[in-house]
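Read through the structure below, which is laid out as C-alpha cells, and then see the notes.
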Amino acid sequence: MKVQKVLLVCSGNTCRSPMAAALLREIWRRADPGWELQVDSAGTGAFPGLPAAGNAVAAMQARGIDLSGHRSQTVVGLEGYDLVLGMTRAHRDALRTRFPAHADRIFTLAEYAGTGGDLSDPFGGSLEVYEETARALEHLLKAVVERIRREGSGTQ
C-alpha cells in the first residue's frame with residue numbers, strides 16, 4: 001500500500017507529535033521519494049489551539065524548522081489516514097479501541113520503525129530533554145521513511 005497521509009499522535013499535541021510531524025515532512029522532502037506525503041499531528045487528550053511547547057519550538061528551530069505556527073488539536077477521526085503512529089503503546093491502544101475499523105493502520109512510531117518501545121514525553125523538561133527527543137524522533141523517522149518508500153514501491 002502506498003502511504004500518502006500520516007497522522008502522528010501524542011497526548012497533548014504540543015511536544016512529541018508536532019515535532020515528529022515537522023521532522024517527518026523534512027526527512028520526506030529530503031528523501032524525494034517521488035510522491036507527496038501529507039503529515040498531520042494530533043493529541044489523544046489535547047486542548048485545541050495551544051502552541052507548541054517553547055523547547056519544542058527551539059529544538060526544531062535548531063534544525064531549521066519553524067514550529068511557531070503550530071496549534072494543538074485533538075484526534076477526532078482517522079478517516080483518510082493510511083498510517084497512524086502513536087508515541088507510546090498507550091496511544092496506540094487507545095486509538096485502536098476508539099477506532100477499531102482502523103486498527104490495522106495504527107502502530108507506535110517505534111514499532112513501525114522496527115525497534116519497538118515508547119517515546120518518553122519531554123513535557124516540562126529542559127531544552128536538552130527536547131533535543132534528546134528530537135534526536136530519537138529523527139532516528140525513528142528515517143526508518144519510517146525507508147519503510148514507507150519500500151512498501152510504496154512494492155519492494156519488500
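Odds and ends about this structure:
- Among the conditions (1) without any contact (Cβ under 8 Å) to a residue 60 or more places away in the chain; (2) out of contact with any strand residue (DSSP E or B) (no Cβ under 6 Å at 6 or more places or on another chain), residue 96 misses just one, which is (2).
- Filtered residues of region 78-94 (kept if within 16 Å of residue 12 (Cα to Cα) and in a loop (DSSP other than H, G, I, E, B)): 87, 88
- Boolean, residue 111 is under 23 Å from residue 142 (Cβ atoms) and without any contact (Cβ under 8 Å) to a residue 24 or more places away in the chain: yes
- Looking across region 95-121, the residues that are of a type in the set (Gly, Ala, Ser), under 22 Å from residue 146 (Cβ atoms) and assigned to a loop (DSSP other than H, G, I, E, B) come down to 114, 116, 117.
- Within region 18-61, considering residues that are assigned to a helix (DSSP H, G or I) and of a type in the set (Val, Ile, Thr), the one surrounded by the fewest Cβ atoms within 10 Å (Cβ to Cβ): 27
- Of the criteria (1) of a type outside the set (A, V, I, L, M); (2) under 25 Å from residue 151 (Cβ atoms); (3) surrounded by fewer than 21 Cβ atoms within 10 Å (Cβ to Cβ), which one residue 64 fails: (2)
Bear in mind that the values in this text are calculations on the coordinates, not laboratory data. Since this is a predicted model, take the numbers as computed values, not measurements. As a convention, Cβ positions derive from the backbone with ideal geometry for all residues, glycine included, and neighbour counts pool all protein chains shown.
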